[in-house]
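Quick note: the coordinates plus some simple rules give every number you see, no bench work behind them. This one's a predicted model, so the numbers in the text were calculated from it and none came from an experiment. FYI the Cβ positions are ideal-geometry reconstructions off the backbone, even for glycines, and counts take in every protein chain you see.
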Amino acid sequence: MAGIGSRRKNDELIRSGAVKINGRVVTELGTKVVLSKDRVSMNGTIVSIEEKNVYILLNKPKDVITTMNDERGRETVMNYVRTKYRVFPVGRLDRNTTGVLLFTNDGEFANALIHPKFEIERVYRVTVDKTMQDDDLKKLKKGIHLEDGLAKAQTVEIVEGSKRKKILIVIREGRNREVRRMFEVLDYDVRQLDRVAFAGLTTLGVPRGKCRMLSYPEVKDLKKYLGLA
């Protein structure tokens, strides 16, 4: 969070004796410090962390990886987030999925948003390769058996004027590729997947590839719901 390097690089710095806590060299990994009391330095330079919490919404483009960096040189979501603070994505969207993705440096807030017990709503617009059948809509609401358990849609509806090839689906879990896998089980090929809302936040007014700061009321309401206020 201080911007010095990756966890692996920092582990190497600690082992090498480059890090001091209150003037004493510490080489044991996992040594705990209290930000308000302890003085940490690396090669003689004081390490400081900006404690201001920021909250950002990105309208994620397609073909972008949700990770801090990519060893294969692929484009990541961090290329689209402009802030002086060191933020990280809240959860993940797969490479070909677009839409609402949040970023923050508030770990407690991020962990609560993705914790299953809060059942945060995720709304997706799904474009499939063929006409959606009524029986399959019922199956999505009843529950689809995946290899990691039952996946169930809270609501499912056809997008008007889409020739029954676009569906709005609401889920309250965030398992890996959950929506895509649900449709695959029903023998539909997902051509486009767009998360149009997450925790009540939408991409309205935010063009693809652009981001905005969450407003104070938005953050306050979410923290109140999560029991963090």
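Using a basic spin-label model with each label point 7 Å from the Cα along Cα→Cβ, how many nm lie between N79 and T27? Going by the 7 Å Cα→Cβ label model, 4.1 nm.
For the stretch 8-58, the Cα-based Rg and Dmax, in that order, read 13.1, 42 Å. If R0 is taken as 30 Å, the Cβ-Cβ distance between V170 and R8 corresponds to a FRET efficiency of 0.20.
I need the per residue convex hull volume for the stretch 21-168, using only the alpha carbons, in cubic angstrom as a whole number. Please report the intermediate quantities before stating the final value.
Values: hull volume 28.6 nm³, N = 148.
Each residue corresponds to 194 Å³ of Cα convex hull volume.
The phi-based Karplus calculation (6.51 cos²θ - 1.76 cosθ + 1.60; θ = phi - 60°) puts the 3J(HN,Hα) values of the stretch 121-133 at 6, 10, 10, 10, 9, 10, 10, 10, 7, 8, 4, 7, 8 Hz, whole numbers, x for Gly and Pro.
Distance from the C-alpha centroid of the stretch 133-186 to that of the stretch 194-213: 21 Å, rounded to the whole angstrom.
The charge dipole of the chain, taken about its Cα centre with unit charges on the Cβ atoms of Lys, Arg (+1), Asp and Glu (-1) only, comes to about 420 debye.
Summing Lys and Arg as +1 and Asp and Glu as -1 over all other residues whose Cβ lies under 12 Å from the Cβ of R212 gives a net charge of +1. Multiplying the residue separation of E121 and V159 by 0.36 nm and subtracting their alpha-carbon distance yields 11.8 nm.
Calculated on the alpha-carbon coordinates, the convex hull of the stretch 88-229 measures out at 121 cubic angstrom per residue. For the chain, the residue among L228, C211, T67 whose Cα projects farthest onto the positive side of the dipole built from Cβ charges is C211.
Radius of gyration over Kirkwood radius for the stretch 121-198, both on Cα atoms: the Rg/Rh ratio is 0.91. Given +1 at the Cβ of Lys and Arg, -1 at the Cβ of Asp and Glu and no other charges, the dipole of the stretch 78-174 around its Cα centre is 320 debye to the nearest 20.
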